[in-house]
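The values are calculated or read from the model by the stated rules, or taken from the named source; none is laboratory data. Values in this document were obtained by computation on a predicted structure and should not be read as measured data. Here the Cβ positions follow ideal geometry from the backbone for every residue, glycine too, while neighbour counts run over all protein chains shown. In case anyone asks, the SASA skips ligands and DNA or RNA and just uses the protein heavy atoms, side chains included. Shrake-Rupley method; radii C 1.70, N 1.55, O 1.52, S 1.80 Å.
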Amino acid sequence: MRRALALISLLTLPAAVVAQEFPAPEEYLLEEAEELRLAATAGPRAITEGASYYVLRRDGYHRVSEGSNGFHCFVDRSWGTPTNDHKIVFDQRVKAPHCINQVGAESTMQELFMMARLIMEGKGADEIRDTLNRAFASGELRLPAGLSLTYMMSKHQWLGPRIEAWMPHLMIWIPYLDAAAVGDHSEGSGHPVVAGGPGSRKSVIIVPMAEFVE
């Protein structure tokens, strides 16, 4: 329960509290083999074995293998943290293996990848936010057209100094969802909760899963 409470705290803290300095872009990079190894632990083997894989390079994410099952695996960084105040978290230590379905790859993943490219270009938080808003307004980025879900089941995920691996979970991205839609459960209850700013474009249901993937 303590770790669950810590995650909810992270989701509601201003970015300046979570990470007060902007890391150099190079600090986000991993050895490619290590990044792929981490990405492969994001979800159940039945999904990860047939997925497409991406790695982060100096100019953003690149696909290094093409899968067959419509899932896409990569290691997200701190900027993917769905904070309730919509601020960007700049913390090069965060590693969050994701495996996202095809609906999410066409929507949610594109926003994360655009954020990655802008951060690797050295853009600041205000410019990134404005660029994303313009991209949604123009249709370059779009909200999920159906069920956008992301597996985050890696035993090796590191989501923050007070959270570490937290727990295996599934994220369901439903923009503008109210917390009451899943029962408005209390923090740390072990039940699904709405995070990322309930009622906002970034709202997401976090569903606890039974087991980590090693």
* Which of the residues that make up region 62-105 are more than 17 Å from M152 (Cβ to Cβ) and in contact with a Lys or Arg (Cβ under 8 Å, 6 or more places away or on another chain)? -> H86, I88, Q92
* Structure fact -> Subset of region 100-125, residues aliphatic (A, V, I, L, M) and assigned to a helix (DSSP H, G or I), comes to V103, A105, M109, L112, M114, M115, A116, L118, I119, M120, A125
* From G160, G190, which residue is surrounded by 17 or more Cβ atoms within 10 Å (Cβ to Cβ), among the small types (G, A, S) and at pLDDT below 90? -> G160
* To do: Being surrounded by fewer than 16 Cβ atoms within 10 Å (Cβ to Cβ) and in contact with a helix residue (DSSP H, G or I) (Cβ under 7 Å, 6 or more places away or on another chain) is the filter here, so list the residues in region 31-63 that pass it.
  => R58, D59
* All but one of (1) surrounded by 18 or more Cβ atoms within 10 Å (Cβ to Cβ); (2) closer than 20 Å to V103 by Cα hold for L143; which doesn't? -> (1)
* Asked: Which one of S107, S138 is open to solvent by 30 Å² or more (accessible area, probe 1.4 Å), among the polar types (S, T, N, Q) and modelled with pLDDT of 95 or more?
  -> S138
* Structure fact -> Within region 32-62, the residues that are more than 19 Å from W79 (Cα to Cα) and among the basic types (K, R) are R37, R45
* To do: Could you please let me know if A165 is of a type in the set (A, V, I, L, M) and either surrounded by 17 or more Cβ atoms within 10 Å (Cβ to Cβ) or under 20 Å from A39 (Cα atoms) (or both)?
  => yes
* Taking A137 as the residue in question, decide whether it is in a helix (DSSP H, G or I) and farther than 19 Å from G80 by Cβ. => yes
* Structure fact -> Pairing a residue in region 87-99 that is part of a strand (DSSP E or B) with any residue that is of a type in the set (D, E), where Cβ atoms lie under 6 Å and the two sit 6 or more apart in sequence or on different chains, gives A96/D76; H98/D76
